[in-house]
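Below: one structure, written as structure tokens.
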Amino acid sequence: ELTHLRDPETGAHLERVSSYSRLIAKILGPELGLASDFAEDLYLFASLHDVGKVAIPEAILRKPGPLDPQERQTMDTHVSRCLDVVNQMVRGLHLAASPKLEMLRNVVAGHHELLDGSGYPLGLQAEQISLEARIVAVADIYDALTQNRVYKAALAPEQAESILGRMAEAGQLDSRCVQALLQAR
């Protein structure tokens, strides 16, 4: 709700990413033996994957062209800022440690990591990246590709699906997550 106040498009993006993430998790659930509440928890937590963008200057968020290296570096800090927000909420609300909080941290910290180590912020590889972060990464990329942004036009779903497929073949995205999204089409 807070993101809708600042920027309705970002709020809509978070809702779409959450929905895509739930679809992927529901399809993978039986195959991977996921807990019955995994998909619903992921739906809730995926909506926080970009909460750190509240700390990014508006001029960078809404820049109509490519970001320069310094702006890209600032934008990339949204992941660590997101983790800071989550940790502050946990401390401030005196929430007990639980697997659900770990899932939330995994989503916000890992949604830009890629299986081949080329992602950020930590350059994690393969199984170092949690399943929930791998799911949200696919959902986030798909949504980013298929929506108009100030810096680019939306791609057709078929084009986005082709890009996701190539990224999975290149070892950047979890192919099970990509296939689940395509199956949910």
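The values are calculated or read from the model by the stated rules, or taken from the named source; none is laboratory data. Small disclaimer: the values here were computed from a predicted structure and weren't measured. Cβ coordinates were reconstructed from backbone atoms using ideal geometry, including for glycine residues, and neighbour counts include every protein chain displayed. Calculation scope for accessible area: heavy atoms of the full protein, side chains included, ligands and nucleic acids excluded. Shrake-Rupley method; radii C 1.70, N 1.55, O 1.52, S 1.80 Å.
Look at (1) of a type outside the set (S, T, N, Q); (2) over 25 Å from Val54 (Cβ atoms); (3) at pLDDT below 95 and you find that Tyr120 fails only one, number (2). Restricting region 38-54 to residues that are open to solvent by 40 Å² or more (accessible area, probe 1.4 Å) and of a type in the set (D, E, K, R), the residue that is nearest to Thr74 (Cα to Cα) is Lys53.
Among the residues of region 112-141, how many are farther than 20 Å from Ser18 by Cβ and part of a loop (DSSP other than H, G, I, E, B)?
Of the residues in region 112-141, the ones farther than 20 Å from Ser18 by Cβ are 114-128.
In the following step, the residues that additionally are part of a loop (DSSP other than H, G, I, E, B) were identified as 114-115, 117-124.
So the count comes out to 10.
Regarding region 162-176, can at least one residue be identified that is closer than 21 Å to Ala55 by Cβ, more than 15 Å from the chain's Cα centre (by Cα) and open to solvent by less than 60 Å² (accessible area, probe 1.4 Å)?
Narrowing region 162-176 to residues closer than 21 Å to Ala55 by Cβ: none.
Within region 162-176, not a single residue is closer than 21 Å to Ala55 by Cβ, more than 15 Å from the chain's Cα centre (by Cα) and open to solvent by less than 60 Å² (accessible area, probe 1.4 Å).
Just a yes or no: is a residue in region 88-98 in contact with an Asp or Glu (Cβ under 8 Å, 6 or more places away or on another chain) and surrounded by fewer than 19 Cβ atoms within 10 Å (Cβ to Cβ)?
no
Do you know which of the residues in region 91-109 that are in contact with a Leu (Cβ under 8 Å, 6 or more places away or on another chain) and more than 18 Å from Arg134 (Cβ to Cβ) is modelled with the highest pLDDT? Of everything passing the filter in region 91-109, Leu101 is modelled with the highest pLDDT. Please go through region 11-66 and give me each residue that is among the charged types (D, E, K, R) and not in a helix (DSSP H, G or I), ordered by number. Of everything in region 11-66, those that are among the charged types (D, E, K, R) and not in a helix (DSSP H, G or I) turn out to be Asp37, Asp50, Arg62, Lys63.
In region 88-101, which residues are without any contact (Cβ under 8 Å) to a residue 40 or more places away in the chain and within 18 Å of Ala25 (Cα to Cα)?
Residues of region 88-101 that are without any contact (Cβ under 8 Å) to a residue 40 or more places away in the chain, as a first pass: 88-99, 101.
Selection gives Pro99, Leu101.
Give the residues of region 142-185 that are in a loop (DSSP other than H, G, I, E, B) and either closer than 28 Å to Glu40 by Cβ or among the hydroxyl-bearing types (Ser, Thr, Tyr) (or both), sorted by residue number. Explain how you work it out, then say what you get.
Pass one, region 142-185, residues in a loop (DSSP other than H, G, I, E, B): 147-148, 150-151, 153-156, 170-174, 184-185.
Gln147, Tyr151, Gln172, Leu173, Asp174, Ala184, Arg185, listed by residue number.
Taking Leu104, is it crowded, with 16+ Cβ neighbours inside 10 Å and in contact (Cβ under 8 Å) with a residue 24 or more places away in the chain? Let's see the steps before the verdict.
Numbers: crowded, with 16+ Cβ neighbours inside 10 Å: yes; in contact (Cβ under 8 Å) with a residue 24 or more places away in the chain: yes.
Judged against the criteria, Leu104 is a match.
Within region 107-145, if we keep just the residues that are charged (D, E, K, R) and free of Cβ contacts under 8 Å to residues at least 40 places away in the same chain, the residue that is surrounded by the most Cβ atoms within 10 Å (Cβ to Cβ) turns out to be Glu113.
When region 89-111 is filtered for residues that are more than 24 Å from Met167 (Cβ to Cβ) and in a helix (DSSP H, G or I), the ones remaining, listed by number, are Met89, Val90, Arg91, Gly92, Pro99, Lys100, Leu101, Glu102, Leu104, Arg105.
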